[in-house]
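Data block below; observations after.
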Amino acid sequence: MDARLLADQIPSLRRYARALTGNAWAADDLVQDTLERACSKWRLWVVGSDLRAWLFTVMHNIFASQLRRTPPPHSVVPLEDAVQELHGAADPGRDPGMGLDLQRCLMQLPEEQRAVLLLVTLEDLSYAEVAKVLGIPAGTVMSRLSRARVRLQELMDGAAAPHRPGLRRLK
């Protein structure tokens, strides 16, 4: 495997890891674990296939394993981290609090919905690619994406109570 091909994927991996974990340190650790696993298992990658999709699959599997081992922390990005990211790079016409709200709302989505939403919208993967990365049928991808979009809109509008697994809202 050419190291340059792997290095070209690092920005996408970092972006997805940051959105999955909601924490810069945890995201960097996840990217490092993903790259280490990819280097040690590089023979499993089929030359000519989509390297990015394969790396996202590796990352998703590592992240899922970590979630099974330890319960996810119910935290959002620390304000200091958000301020550092927004400092100097913020759009002057954009409300800086909107990014914080979006991050907070994304972290309230169930992990399986958040993963699908991020891969489709942030990483611009097709439904088929997302299905392959996550190891689920394409119909499930579409269903989770639809539910994630609706739930995210509810959270951003402030119309919904925080998500509690196992409970459904009645309308």
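Across segment 2-25, which residue is modelled with the lowest pLDDT among those that are surrounded by fewer than 17 Cβ atoms within 10 Å (Cβ to Cβ) and of a type in the set (A, V, I, L, M)?
Ala3
So, of the residues in segment 1-48 that are within 15 Å of the chain's Cα centre (by Cα) and of a type in the set (Phe, Trp, Tyr), which turns out to be farthest from Val116 (Cα to Cα)?
So the residue we want is Trp25.
Among the residues of segment 26-44, which ones are surrounded by fewer than 18 Cβ atoms within 10 Å (Cβ to Cβ) and either at pLDDT below 85 or more than 13 Å from Phe63 (Cα to Cα) (or both)?
Glu36, Cys39, Ser40, Lys41, Trp42, Arg43, Leu44
With segment 1-49 as the region, which helices (runs of 4 or more DSSP H) entirely inside it contain at least 2 residues that are within 21 Å of Cys105 (Cα to Cα)?
Because the criterion is at least 2 residues that are within 21 Å of Cys105 (Cα to Cα), the helices (runs of 4 or more DSSP H) in segment 1-49 that meet it are 10-21, 24-40.
The values are calculated or read from the model by the stated rules, or taken from the named source; none is laboratory data. Here the structure is a predicted model, which means the values were calculated and not measured. Note: ideal-geometry Cβ built from the backbone for every residue, glycine included; neighbour counts use all protein chains shown.
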